[in-house]
Amino acid sequence: MERAAQRDALAVAASANSKKAKRQRKAAQKPMPSDDEKAAFYAAKVNSAEYLPPGMITSSICGLMLARGLVTPEHLQQRLER
């Protein structure tokens, strides 16, 4: 009888201590960059002398940079061929 009472008391104490934490919402995320911000960021990479990894500049980013006149088609082609 005492063992059963002790076991029950331990079970109650364990369940009180190990209540599941409520799920927390994701932290407020920063807004996504605008097309102008993306184009300016990647144009700075293309116009610099730093390493440009293959696949970093997508066709949509190319279109954004060219439409805004941030890079020339010749310079962009030269940088993407490397």
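The values are calculated or read from the model by the stated rules, or taken from the named source; none is laboratory data. On a predicted model such as this, the values are computed, not experimentally measured, just so you know.
For segment 44-82, a residue qualifies if it is of a type in the set (Lys, Arg) and in a helix (DSSP H, G or I), and the qualifying residues are Lys45, Arg79. Of all residues in segment 36-73, those satisfying the criterion of being modelled with pLDDT of 95 or more and acidic (Asp, Glu) are Asp36, Glu37.
Of all residues in segment 29-38, which are more than 13 Å from the chain's Cα centre (by Cα) and part of a loop (DSSP other than H, G, I, E, B)? Passing the criteria: only Ser34.
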